[in-house]
Amino acid sequence: MTYEKTYELICDTLTSLQRSGMLEEAIVVNPDTVILGSGSSLDSLGFVTFISDLEERVSAEGNQDYYLILTEIHEFNAEQAFLSAGTLARYIEKITE
Amino acid sequence: MERSEQIQPVMVITGTSKGLGRGIANYFLNNGYCVVGCSRGEPTIVHERYDHTQVDVSDEKQVQAWVRSIKKIFGRIDTLVCNAGILNSFSHVALTSGALLQAFLDINIAGTFHVCREVSKIMILQRGGSIITISSIMTQLHEPGTSAYSLSKSAVTEMTKVLAREVAPMNINCNVISPSFMTTDATNSFNAEYASAIFEKQTIKRPVTIEEVCNLVSFFSSPESRCITGQVINMGLVC
C-alpha cells in the first residue's frame, strides 16, 4: 500500500469521525497533523475509535487482516504519547508492503 | 455459517465446549440468538445458529483472527461472555509452580483481555454492546489453595471495571458475574467434602445453576440493564 493511499485512509477515517459527531470540526490533515498527543482534536476514546476504524479500513483495502500496534511504530514513545498523521501513514505503508 | 440476512442478536461466548460456557450457549440458542463460540477443541454443540472456531484465547493472534472473522460473517457483536478459563489444580502459594501460575495468567487474564480488547473495538464502532466477564466468589472467600485462580479472577474483575469506564460513552456496558460454587465439569473433580465446606461459607448454601447465570446474562444483554456498568454481581454470597 502506498504512502498516498494510507494517508488517504487516515483522512477518510477522520472525516468519518467528524460526520459521526466524534469530532466537532473537520480536521485539515497534513503530515504534521497531531493524531495523538498535545494538539490533537481527538480525546482518548476518539483516538481508540479512530484506530479501530482505520484498522478495518486498512484491512479492507489490503484484503487481509492488519492490526495497528502503536508500540511497533518506531517513532512512538509510549511514555510521551505523540503521533502525527505522517508517522502513522508511514507505519501503515510499512506493515502493508 | 453465512451471515446473509441474519437478524437475530449475536452473542459471542468463549469456552463453549463444556460446563457453563456450553450451558450459556445452549440457553441463548434456544432463545433465538446467533451464538458464536470457541474452545481449544472440537465443537460440542450442533445447531444451525451456532458457529464454532477452535481458538486458544491465550494466543493473541488467534483471538484477533477469530474476532475479525466474526465481524466479517455477522457484521456485529451484541453481547460478549468471557467464560473461558481454567480452574484446575489448587495448591498453596508455597507449592504453586511458576508454570501453573503462568497458565492462570495466560488463559484467565490474558485470554480474557485479548477477547475483550478485540470485541470492544467492534462494539465501539457499532456504538453499543454488552460485555460480561466471569469471576468467582473465591475472590471473596480467599480459600487456601486458590491463590493463582483467585488472583486471576480479581484481575479480570478490575479489567472489566476499567473497561466499563473507558467505553461507557459508546453505550457499551461491562459487568462481572461472580458465581458461587457451581456443579460443572470443572468442579466435578472436587470431593464432596470440599464442596460441602464451600456451601457452608456461602449465604445461599447450594450450588448456583447454569440457568441462574443465564438469567443474569440475559439481563445484562437487555436494554433494561443499560444504566448498569462496572458492577460485580456475586451469586449466592453476601459480600
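The values are calculated or read from the model by the stated rules, or taken from the named source; none is laboratory data. The structure presented is a predicted model; accordingly, all values stated were derived computationally and were not measured. Glycine gets a Cβ as well: all are built from the backbone with ideal geometry, and neighbour counts include every protein chain shown.
Any chance the range A:54-62 includes a residue that's of a type in the set (A, V, I, L, M, F, W, C), within 14 Å of another protein chain (Cβ to nearest Cβ) and touching a residue at least 12 places away in the same chain (Cβ under 8 Å)? Within the range A:54-62, one or more residues are of a type in the set (A, V, I, L, M, F, W, C), within 14 Å of another protein chain (Cβ to nearest Cβ) and touching a residue at least 12 places away in the same chain (Cβ under 8 Å).
Here the condition is being within 20 Å of residue B:79 (Cα to Cα) and crowded, with 20+ Cβ neighbours inside 10 Å; of B:179, B:169, it holds for B:179 alone.
Scan the range B:226-239 residue by residue and report those that are small (Gly, Ala, Ser) and surrounded by fewer than 17 Cβ atoms within 10 Å (Cβ to Cβ). Spell out the reasoning first.
Filtering the range B:226-239 down to residues small (Gly, Ala, Ser) leaves B:230, B:236.
Selection gives B:230 alone.
Of the residues B:137, B:122, B:131, which single one is under 18 Å from residue B:77 (Cα atoms), in contact (Cβ under 8 Å) with a residue 12 or more places away in the chain and away from chain A (no Cβ under 14 Å)? Spell out how you get there, then give the answer.
Working: B:137 fails: under 18 Å from residue B:77 (Cα atoms); B:122 fails: away from chain A (no Cβ under 14 Å).
Being under 18 Å from residue B:77 (Cα atoms), in contact (Cβ under 8 Å) with a residue 12 or more places away in the chain and away from chain A (no Cβ under 14 Å) holds for just one of B:137, B:122, B:131, which is B:131.
Here the condition is being within 26 Å of residue B:16 (Cα to Cα), outside any helix (DSSP H, G or I) and not β-branched (Val, Ile, Thr); of B:237, B:216, it holds for B:237 alone. Contact map, the range B:152-176: residues that are at negative phi paired with residues that are of a type in the set (Ser, Thr, Tyr) and part of a helix (DSSP H, G or I), Cβ distance under 6 Å, separation 6+ or inter-chain. Pairs shown: B:153/B:139; B:154/B:139; B:156/B:112; B:167/B:120; B:174/B:160; B:176/B:157; B:176/B:160. Take residue B:48 and decide whether it is among the charged types (D, E, K, R) and either under 18 Å from the mean Cα position of the chain (by Cα) or crowded, with 18+ Cβ neighbours inside 10 Å (or both). When the stated conditions are applied, residue B:48 does not pass them.
If we keep just the residues of the range B:155-173 that are within 16 Å of the chain's Cα centre (by Cα), among the aliphatic types (A, V, I, L, M) and away from chain A (no Cβ under 12 Å), which is nearest to residue B:134 (Cα to Cα)? Only one residue fits best here, namely B:156.
Of B:157, B:133, which residue is in contact with a Cys (Cβ under 8 Å, 6 or more places away or on another chain), hydroxyl-bearing (Ser, Thr, Tyr) and either buried (at least 19 other Cβ atoms within 10 Å of the Cβ) or within 14 Å of residue B:81 (Cα to Cα) (or both)? Quick ask: steps written out before the conclusion?
Numbers: B:157 fails: in contact with a Cys (Cβ under 8 Å, 6 or more places away or on another chain).
It is B:133.
Looking only at the range A:36-59, decide whether some residue is exposed (fewer than 15 other Cβ atoms within 10 Å of the Cβ), farther than 25 Å from residue B:168 by Cβ, at pLDDT 90 or above and among the charged types (D, E, K, R). Among the residues of the range A:36-59, not one is exposed (fewer than 15 other Cβ atoms within 10 Å of the Cβ), farther than 25 Å from residue B:168 by Cβ, at pLDDT 90 or above and among the charged types (D, E, K, R), which makes the answer no. Does the range A:70-83 contain at least one residue that is under 11 Å from the mean Cα position of the chain (by Cα) and away from chain B (no Cβ under 14 Å)? For the range A:70-83, residues under 11 Å from the mean Cα position of the chain (by Cα) and away from chain B (no Cβ under 14 Å): present. Against the criterion of being at pLDDT 95 or above and farther than 17 Å from residue B:217 by Cα, residue B:77 does not qualify.
Among strands (runs of 3 or more DSSP E) entirely within the range B:17-109, having at least 2 residues that are farther than 22 Å from residue B:190 by Cβ and touching a Phe, Trp or Tyr at 6+ places or on another chain (Cβ under 7 Å) singles out B:34-39. In the range B:67-87, the qualifying residues are those that are buried (at least 18 other Cβ atoms within 10 Å of the Cβ) and basic (Lys, Arg), and the one that is farthest from the other protein chains (Cβ to nearest Cβ) is B:71.
Please specify each residue of the range B:110-130 satisfying the condition of being assigned to a helix (DSSP H, G or I), of a type in the set (S, T, N, Q) and buried (at least 24 other Cβ atoms within 10 Å of the Cβ). B:112, the sole residue that qualifies.
Does residue A:1 meet the test of being over 10 Å from the mean Cα position of the chain (by Cα), hydrophobic (A, V, I, L, M, F, W, C) and within 22 Å of residue B:122 (Cβ to Cβ)? Give the steps one after another, and end with the answer.
Details: over 10 Å from the mean Cα position of the chain (by Cα): yes; hydrophobic (A, V, I, L, M, F, W, C): yes; within 22 Å of residue B:122 (Cβ to Cβ): no.
For residue A:1, the condition - over 10 Å from the mean Cα position of the chain (by Cα), hydrophobic (A, V, I, L, M, F, W, C) and within 22 Å of residue B:122 (Cβ to Cβ) - is not met.
Scanning the range B:123-182 for residues that are of a type in the set (Asp, Glu) and at pLDDT 95 or above yields B:158, B:166.
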